[in-house]
1. Just give me the residues in the range 186-209 being within 10 Å of ligand 1 (Cβ to nearest atom) and surrounded by fewer than 21 Cβ atoms within 10 Å (Cβ to Cβ), in sequence order.
2. Within the range 173-185, track down each residue that is crowded, with 22+ Cβ neighbours inside 10 Å and more than 9 Å from ligand 1 (Cβ to nearest atom).
3. Given (1) of a type in the set (A, V, I, L, M, F, W, C); (2) modelled with pLDDT of 95 or more; (3) over 18 Å from Ala114 (Cα atoms), where does Met1 come up short, assuming only one miss?
4. Taking the conditions exactly as written (among the charged types (D, E, K, R) and at positive phi), does Lys214 satisfy them or not?
5. I need the full set of residues from the range 94-123 which are surrounded by 15 or more Cβ atoms within 10 Å (Cβ to Cβ) and farther than 20 Å from Leu76 by Cβ, in order please.
6. Can you run down the residue pairs with Cβ atoms below 9 Å, 6 or more apart or on separate chains, where the first is in the range 192-216 and under 12 Å from Asp20 (Cα atoms) and within 16 Å of ligand 2 (Cβ to nearest atom) and the partner is of a type in the set (S, T, N, Q) and part of a loop (DSSP other than H, G, I, E, B)?
7. Among the candidates Leu63, Leu10, Leu47, which residue alone is within 14 Å of ligand 1 (Cβ to nearest atom) and in contact (Cβ under 8 Å) with a residue 60 or more places away in the chain?
8. Name the residues in the range 136-150 that are more than 8 Å from ligand 1 (Cβ to nearest atom) and either under 12 Å from Asp35 (Cα atoms) or of a type in the set (Val, Ile, Thr) (or both), would you?
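The values are calculated or read from the model by the stated rules, or taken from the named source; none is laboratory data. Note that the structure is predicted; figures quoted are calculated from it, not measured. A quick note on method: Cβ atoms are made from the backbone with ideal geometry, for glycine too, and the neighbour counts reach across all protein chains shown.
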Amino acid sequence: MSHLIAPSILSADFANLQRDVEMINNSDADWIHVDIMDGMFVPNISLGFPVIKAIKKHAKKPLDVHLMIMDPDRYLQNFKDAGADILTVHWEACPHLHRTIQAIKALGMKAGVAVNPHTPSNLLSEIIADIDLVCVMSVNPGFGGQKFIEHTYNKISTINEMIGATKSKALIEIDGGVDMNNYKRLIDMGAEVLVAGNTVFSSADPMQAIADLKKI
Ligand code: DX5
Ligand code: ZN
């Protein structure tokens, strides 16, 4: 499988959201990454259901919704109704992660688990076979435009081995600080989905930046 690119809407121009969603529609991007922050799990607040619905109205690609919120079980149905296709929760925010994953799948969405940079990869061992996506945070979540944490490369290897050993179908997604200098190494190491916010939207030509990230 060729790797997928998921531009992060967090770095889009929120006053021109339709324009930026259409840019993604017309680009080589595969998914649209939507970051949800609650001001508790992470020290920032991003956007909520009306904005997700507005994005969905124009999006021609799956919405990859990344929940950086405490106790996401309260809102799974709302995210489904708003248009999420892939719903990712944080390992650190879910005391009953297995139940949460089953609930996401029962609602007809793909289920992902995200891990913070300090969270050991082996904590995924008992859930990896049940999920569709592992989101490896390569920055501390909360903000776009941060510096990539180099230790992420080791985590990709460990998680890749775990996926092989458990015959899991989970895709490995890298979120944070992905740029033109590191994306090839990430793919070489086993990353299958690359989230890119700043690299796409701060580029003079975002469509070309997406096309460049697709090149191997
Ligand atoms: C960070 C978010 C990321 C962010 C990535 O908390 O989860 O998805 O938008 O942005 P860049 O690519 O700019 O690091
Ligand atoms: Zn994200």
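1. From the range 186-209, those within 10 Å of ligand 1 (Cβ to nearest atom) are 194-202; that's our starting set.
Selection gives Asn198, Phe201, Ser202.
2. Scanning the range 173-185 gives Glu173, Ile174, Tyr183.
3. Exception for Met1: condition (2).
4. Details: among the charged types (D, E, K, R): yes; at positive phi: no.
For Lys214, the condition - among the charged types (D, E, K, R) and at positive phi - is not met.
5. Asn116, Pro117, Thr119, Ser121
6. Val200/Ser27
7. Values: Leu63 fails: in contact (Cβ under 8 Å) with a residue 60 or more places away in the chain; Leu47 fails: in contact (Cβ under 8 Å) with a residue 60 or more places away in the chain.
Criteria check complete, one pass: Leu10.
8. Scanning the range 136-150 gives Val136, Ile149.
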